[in-house]
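The values are calculated or read from the model by the stated rules, or taken from the named source; none is laboratory data. Bear in mind that the values here come from a model prediction, so they are computed numbers and not experimental data. A quick note on method: Cβ atoms are made from the backbone with ideal geometry, for glycine too, and the neighbour counts reach across all protein chains shown.
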């Protein structure tokens, strides 16, 4: 039984031909390349660092916009549950505003809602932190349940503000 030779494609043939035509790197060529790099790198390094800083700043602005938080608060929301933590804090801020608003929205039902929702938000925050340590499938299930519960609280908040959902 004879060994069959692999048929080479045209791309492989072109690559092999280019390798054969290329001359090996000599010591003087290597020294020249190192010299050019030594002269060029210090000139280009500040621009590369500035570009990296601009890219990082844009990425941070994008992440803050995705979470719905201010840029200076972005570091408070890290980890796998960062989106849920951001939603929880925004709802908690809205509850404070609902409670502190004038008589137009501060009805007895609204006050009861705020009193009932605050401990629930605290429980949800604890659950988010616990879910961060869970395996992926359980974490996703827990995150969905937390998101659903948070959605119900947000809908009730909107109803107390007079916005029909």
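Being surrounded by fewer than 15 Cβ atoms within 10 Å (Cβ to Cβ) and within 20 Å of residue 86 (Cα to Cα) is the filter here; which residues of the stretch 137-146 pass it? Give the steps one after another, and end with the answer.
Step one: list which residues in the stretch 137-146 are surrounded by fewer than 15 Cβ atoms within 10 Å (Cβ to Cβ), which gives 137-138, 140-141, 144-145.
140, 141, 144, 145, listed by residue number.
Of the residues 165, 107, 136, the single one that is more than 19 Å from residue 93 (Cα to Cα) and modelled with pLDDT under 90 is 165. Taken together, the residues in the stretch 129-157 that are over 30 Å from residue 107 (Cα atoms) and in contact (Cβ under 8 Å) with a residue 40 or more places away in the chain amount to 5. Residue count for the stretch 61-103, restricted to those that are without any contact (Cβ under 8 Å) to a residue 60 or more places away in the chain, part of a helix (DSSP H, G or I), in contact with a helix residue (DSSP H, G or I) (Cβ under 7 Å, 6 or more places away or on another chain) and under 24 Å from residue 146 (Cβ atoms): 10.
Mind checking which residues of the stretch 29-64 are closer than 30 Å to residue 91 by Cβ and loosely packed, with under 11 Cβ neighbours inside 10 Å? The answer is 56, 58, 59, 62. Please work out if residue 58 is out of contact with any helix residue (DSSP H, G or I) (no Cβ under 9 Å at 6 or more places or on another chain) and without any contact (Cβ under 8 Å) to a residue 40 or more places away in the chain. So residue 58 fits the description; yes.
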